[in-house]
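Please treat every number below as a calculation from the coordinates, not as lab data. Here the structure is a predicted model, which is why all the values come from computation and not from measurement. Here the Cβ positions follow ideal geometry from the backbone for every residue, glycine too, while neighbour counts run over all protein chains shown.
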Amino acid sequence: IAESLTRCGIPVQVYSFSTIQNYTVMRLFRGYEEKEKNRGILDYVAAGWNRDGLALRAAGHLAGQSSCEKRLLIVLTDASPNDEQRMAPVSGAVRGKEYSGDAGIEDAAMEVRQLKKQGIMAVFYGLDSDLEGARKIYGSGFVRIKEMGQLADTVGNLLTSQLRSGR
């Protein structure tokens, strides 16, 4: 997908995230100007814990640093935010909530609401049991794939739709 967009002259940036111990780590596979690094994207490896809300906020910040007039953040997600580190306690609570289930979903949804101003779409590749989480996080701004072979066509359709709408 990144190679196709590069050949069309569309700036692309690709990164992943996961939690390692107490840190959310973002890995930049390819920056906007690094057209020769598309093959490095294949080094992606899925990892266990993920703090989706924080990663989405960081992704929005990184996208906002682009000089491009129009931007679209496309997220490949399982819509199951889950981190071993608890959330920060709020107003007088001794311990924060676990970052999973409804709390993780609400945190991610809050960040998605902010990103909708910039443009965000999600490709959901997850379990049937997480489909409702995808709806809560992304609203109508996601599409579902059931096998990875559908990814390229699905992203192509998303981009075509965005281009036709003038976004």
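Things worth noting here:
- Cα centre as origin, Lys/Arg/Asp/Glu Cβ charges: the chain dipole, Debye: 560 debye
- When both bridge partners sit in the range 1-126, DSSP labels roughly 65% of those beta bridges antiparallel.
- Ranking Q65, V155, L76 by Cα position along the charge dipole of the chain, where only Lys, Arg, Asp and Glu carry charges on their C-beta atoms, puts Q65 farthest toward the positive end.
- For the chain, a Gaussian network of Cα nodes joined below 10 Å ranks S67, S140, S16 by mean-square fluctuation, and the top entry is S67.
- When +1 charges are put on Lys and Arg Cβ atoms and -1 charges on Asp and Glu Cβ atoms, the dipole computed for the range 34-90 relative to its Cα centre reaches about 200 debye.
- Label zone at E106, where the point sits 7 Å out along the Cα-to-Cβ direction: the range 132-163 residues whose backbone N lies under 19 Å: 132-139
- Helical mean residue ellipticity (222 nm; -39500 (n - 2.57) per DSSP H run of 4+; nearest 500) of the chain: -10000 deg cm²/dmol
- The range 22-65: radius of gyration over Cα atoms, expressed as a fraction of 2.2 N^0.38 Å: 1.29
- If you run the Gaussian network model on the chain, springs between alpha carbon atoms under 10 Å, then out of G126, G92, G60 the most flexible one is G92.
- If you wrap the Cα atoms of the range 85-157 in a convex hull and average its projected area over all directions, you get 6.2 nm².
- Volume per residue of the C-alpha convex hull in the chain, rounded to whole Å³: 125 Å³
- Distance in nm between pseudo-label sites at L131 and Q21 (7 Å out along the Cβ direction from Cα): 4.1 nm
- Interchain or long-range residues, amide H under 5 Å from R51's placed H: T19
- Loop-located GluC sites (Glu not before Pro) in the range 8-46 whose Cβ has at most 11 other Cβ within 10 Å (DSSP): E33
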